[in-house]
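Taking it in order: structure first as structure tokens, then the write-up.
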Amino acid sequence: MTCTLGKVASYIGAELTGDPGCEVSDLATLESAKPGQISFLSNRKYYRFLKHTKASAVIIKREDLDACPVSSLVVDDPYMSYASVVGLFYPEPEIVPGIHPSAIVSPSASIDGSAAIGPNVIIEDKSVIGAGTFIDSGCVIKSDVTIGSNTRLYPNVVLCHSISIGSRVILHPGVVIGSDGFGIANNKGIWTKIPQIGTVIIGDDVEIGTNTSIDRGALENTLIEQGVKIDNQVQIGHNVHIGAHTAIAGCVAIAGSTTIGKHCMIGGLSAINGHLEIVDNVVITGCSAVGNSINSPGTYSSGIPVTEVRLWRRIVARIRKLDDLARKVAKLEEDIIEKR
Amino acid sequence: MTCTLGKVASYIGAELTGDPGCEVSDLATLESAKPGQISFLSNRKYYRFLKHTKASAVIIKREDLDACPVSSLVVDDPYMSYASVVGLFYPEPEIVPGIHPSAIVSPSASIDGSAAIGPNVIIEDKSVIGAGTFIDSGCVIKSDVTIGSNTRLYPNVVLCHSISIGSRVILHPGVVIGSDGFGIANNKGIWTKIPQIGTVIIGDDVEIGTNTSIDRGALENTLIEQGVKIDNQVQIGHNVHIGAHTAIAGCVAIAGSTTIGKHCMIGGLSAINGHLEIVDNVVITGCSAVGNSINSPGTYSSGIPVTEVRLWRRIVARIRKLDDLARKVAKLEEDIIEKR
Amino acid sequence: MTCTLGKVASYIGAELTGDPGCEVSDLATLESAKPGQISFLSNRKYYRFLKHTKASAVIIKREDLDACPVSSLVVDDPYMSYASVVGLFYPEPEIVPGIHPSAIVSPSASIDGSAAIGPNVIIEDKSVIGAGTFIDSGCVIKSDVTIGSNTRLYPNVVLCHSISIGSRVILHPGVVIGSDGFGIANNKGIWTKIPQIGTVIIGDDVEIGTNTSIDRGALENTLIEQGVKIDNQVQIGHNVHIGAHTAIAGCVAIAGSTTIGKHCMIGGLSAINGHLEIVDNVVITGCSAVGNSINSPGTYSSGIPVTEVRLWRRIVARIRKLDDLARKVAKLEEDIIEKR
């Protein structure tokens, strides 16, 4: 698609400095953009590429305007405006309604006429698929599942029985929702399975990444509220409740029966123990372990960044003797005081 | 299903205090239960909800009997008894034997007449499926696989060639068993693949969670003994041997050729290095890293719980200088001794 | 297959000490090998099994020759030579070209006549499959995907639209390549999705483990160079660039826009933050967190191995007060100096 800078400026509500008739047809990074492409400056790490950019125009904050060597699209939030322009140049492909002849759909399932069901999809008894929803190849929808409108399931997603998915939800390939939680009871050394009779409710506008697993509740339900964004390979245990507009990065593990508030951010490869409560507006940085409930908004960490290995080995040896070291310091303090 | 409290008491061998004719039809948590529902008290965190519960009856230990405001079902292990009652109210759906017309089954495969093979399942040459086993939609069973009786594969499970699965095993969606281990040898900077010619043997009564991967052995076999319970997104390397009745929580990574004993418990997001031996009855708490063999039963940890970020950053800076700190303390001790 | 030791020696270029006519038909570990089997000694942990091995011959370094109680195949690198012998005894099964009748292949896709397309595979518009490539059951290849020659996709792999896969690549079951990166922008508390318009390019001779996810680029591409080996359940974010011949162990998480050099090794369950640069020949040991760019080759760590839990709890309490401890030591040093 080709467009003028003037049209782009009006589409995103930007102040344009430069030729409104200049034609642009794509986006690229500051470093790689060529004439005819739009770029943007959001992350300060890339400021060094601004000076030499070959982009036709850069989406930028007012404070960076003077440093921009080409046309500027001045906005408050360049990253948000960049997102809009991507949507302008790359509109979502239209859904072609219909059920692929290879799909196996139960006669008791209800598929909206505007939904699209891909090849080899299986939809079991009494499941309901909303308007404009697209179920891509190889997905398995077990019985009594409800999916809202304009939701998109990428290939090979599995939805277990009786779960509920909102509207405008995106489920990436390999997502599994509603499998049994890890409910086992130990009887003289032998584990007995606890049947998992709750379900999962996923709110509107939720996005869930590749190969992420969300377990069904044991007795009550697992709840993912509206607007939650979950990255790839996240594991969410049974009865977990995640508040609206919380974002969870890749490979996070959340154990069962934990409640996380709204507008939280959980960094990648962090772990959150079970049966905890975390209030709204909490940020957990990457590689952290949450062992207790968190009652105050704020940022919490326990990840340790790498060090050169020989130094790190000495540090680990010192950590193992940290209790002794602290005792030695206490003893020294006593000795000093005695001498006074 | 509706049932009387008297029947529930006799089903789980409980002492009933209250009306044996009282009708109940479901279970719920102490907090959310309504009349007609049974609840239970097992985790002390939920004791505070006992006083106000609206449940018709609570499964409880004798020591908590006086605090229970409603009928009681007194047992030794409320969690185990709760599991039994769930099974009473929610019996497993019956398997309908037969092979779905869309399944692709090799003529040389052997499917027991009481097994159920779902839509789009693929079963290759010479594989054997036991009595009462249910293979759900989209599973792929490669050649020479053996599966015991009353085992259940949820959708989109992949079993690679020549592996063996016991009876009463449960494999959740997306499980992959028998893929090649990470066997590579470095030849002047270029990695060469080591063909993986072992297999995987999964014992009876094993349960394996969503999207978990278990690699085939390099030369010998990967072994998961009977009664092992594995949660979602666990990674088990080639030649690993896991002893009977060990439980492994979500997102654990176990590197190749490690042996773990019986009745162990491994907490979520822990990592166990390769070529180690861990004896029976070892507990590893969550987010721990096991770097050496463990020769004594007991509980082992190395996870650090989160702290407020500004404090944590100071701590990390101190950790990096911990070796210096320890030297300073040693120097101080010398100085003090000299002065005496 | 049966073979003489003489033939094996000549196949791997080994110096044979022993009977060249001795027949062998398989491989096994030093500990479990029986007569008729070949073994090897590479990892020193297994040296203790050499003395009593029942193998017909052992692939060994010259320095271990005297300790070997049976015939020896003397080589420089026993592990590499063992890999070759495995290939000799267990040749890759031949691909039977053709498209399974249940596969759903777009008329505009181009499938080489020597490729093999398995049951229930879906190949969408304009995708190109090279010579000798095998796509196993249940794989989904979206539109405009290019796959080179002699590549192998195991069951239930998903390749999203427009990605490019090299030749001699191996993708294990459940791999997903080209799903949207975790690109979201926060607008007054609500997350907006950033359309992900880059793609993924996978070089020749890459191997990718079970259930691993590699996201497509946001604007530019995600690049995995030739010869990279990736284990199971790894998560690779958008725009990541991994240099040739780097090896990444299981459950590693690499955040978006990070560049990793050539010939690096990343240990299992490590995390690498986004927007970093790591030079060639860096080794990250397992369970480490990389928080900053790494500019020098070498080995880096931050994992802490487990300790008995009661000691560990005391250590964690001391870590939380490490800043105080360091201040106390500084104070003690001042006091001592004052007194001099």
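Determine which member of the set A:Gly87, A:Gly118 is over 23 Å from the mean Cα position of the chain (by Cα), facing another protein chain (nearest Cβ under 10 Å) and farther than 26 Å from A:Ile197 by Cβ.
A:Gly118
Which numbered condition trips up C:Lys45, out of (1) within 12 Å of another protein chain (Cβ to nearest Cβ); (2) modelled with pLDDT of 95 or more; (3) surrounded by fewer than 16 Cβ atoms within 10 Å (Cβ to Cβ)?
Unmet condition: (2).
Which residue is surrounded by the fewest Cβ atoms within 10 Å (Cβ to Cβ), if the candidates are limited to region A:100-156 and must be in a strand (DSSP E or B) and among the small types (Gly, Ala, Ser)?
Applying the filter and picking the extreme gives A:Ser110.
Looking at region C:255-267 only, could you name the residues that are buried (at least 21 other Cβ atoms within 10 Å of the Cβ) and at positive phi?
C:Ser257
Which of the residues belonging to region B:268-281 are of a type outside the set (S, T, N, Q) and buried (at least 24 other Cβ atoms within 10 Å of the Cβ)?
Here is the first cut: in region B:268-281, the ones of a type outside the set (S, T, N, Q) are B:268-269, B:271-272, B:274-280.
Once the filter is applied, which keeps residues that are of a type outside the set (S, T, N, Q) and buried (at least 24 other Cβ atoms within 10 Å of the Cβ), region B:268-281 yields B:Gly268, B:Leu269, B:Ala271, B:Ile272, B:Ile278.
Which numbered condition in (1) within 9 Å of chain C (Cβ to nearest Cβ); (2) in contact with a Cys (Cβ under 6 Å, 6 or more places away or on another chain) is the only one that B:Leu153 fails?
It is condition (1) that B:Leu153 fails.
Quick one: what pairs do we get from region B:62-83, first residue touching a residue at least 60 places away in the same chain (Cβ under 8 Å) and crowded, with 21+ Cβ neighbours inside 10 Å, second hydroxyl-bearing (Ser, Thr, Tyr) and not in a strand (DSSP E or B), C-beta under 6 Å, 6+ apart or different chains?
Filtered contacts from region B:62-83: B:Val75/B:Ser81.
Considering only region A:311-335, state which residues are more than 7 Å from every other protein chain (Cβ to nearest Cβ), closer than 23 Å to C:Arg310 by Cα and part of a helix (DSSP H, G or I).
A:Arg313, A:Ala317, A:Asp324, A:Arg327, A:Ala330, A:Lys331
Looking at B:Gly298, is it at positive phi and under 20 Å from the mean Cα position of the chain (by Cα)?
yes
Can you tell me which residue is farthest from the other protein chains (Cβ to nearest Cβ) among those in region B:16-35 that are loosely packed, with under 15 Cβ neighbours inside 10 Å and out of contact with any helix residue (DSSP H, G or I) (no Cβ under 7 Å at 6 or more places or on another chain)? Steps first, answer last, please.
In the first step, residues of region B:16-35 are kept if they are loosely packed, with under 15 Cβ neighbours inside 10 Å; the result is B:19-21, B:23, B:25, B:32, B:34-35.
Imposing the further condition that a residue be out of contact with any helix residue (DSSP H, G or I) (no Cβ under 7 Å at 6 or more places or on another chain) reduces the set to B:23, B:25, B:32, B:34-35.
On the way: B:Glu23: 19, B:Ser25: 13, B:Ser32: 6, B:Lys34: 13, B:Pro35: 17 Å.
Ranking the candidates gives B:Glu23 first.
Residues of region B:284-310 being outside any loop (DSSP other than H, G, I, E, B) and exposed (fewer than 15 other Cβ atoms within 10 Å of the Cβ), which ones?
Residues satisfying the conditions are B:Gly298, B:Glu308, B:Arg310.
Find the residue count for region A:219-254, including only residues that are in a strand (DSSP E or B), within 10 Å of chain C (Cβ to nearest Cβ) and either more than 13 Å from the chain's Cα centre (by Cα) or surrounded by 24 or more Cβ atoms within 10 Å (Cβ to Cβ) (or both).
Final tally of qualifying residues: 2.
Test C:His263 against the stated conditions and say whether it is facing another protein chain (nearest Cβ under 7 Å), part of a loop (DSSP other than H, G, I, E, B) and either of a type in the set (Lys, Arg) or touching a helix residue (DSSP H, G or I) at 6+ places or on another chain (Cβ under 7 Å) (or both).
The answer is no for C:His263.
Of the conditions (1) touching a helix residue (DSSP H, G or I) at 6+ places or on another chain (Cβ under 7 Å); (2) over 16 Å from B:Val309 (Cβ atoms); (3) more than 9 Å from chain C (Cβ to nearest Cβ); (4) not hydrophobic (A, V, I, L, M, F, W, C), A:Thr307 fails just one. Which one is it?
(3) is the only condition that A:Thr307 fails.
The values are calculated or read from the model by the stated rules, or taken from the named source; none is laboratory data. Computed from a prediction, not measured in an experiment: that's the story for all the values here. Using ideal geometry, Cβ is built from the backbone for each residue, glycine included, and neighbour counts are taken over all protein chains shown.
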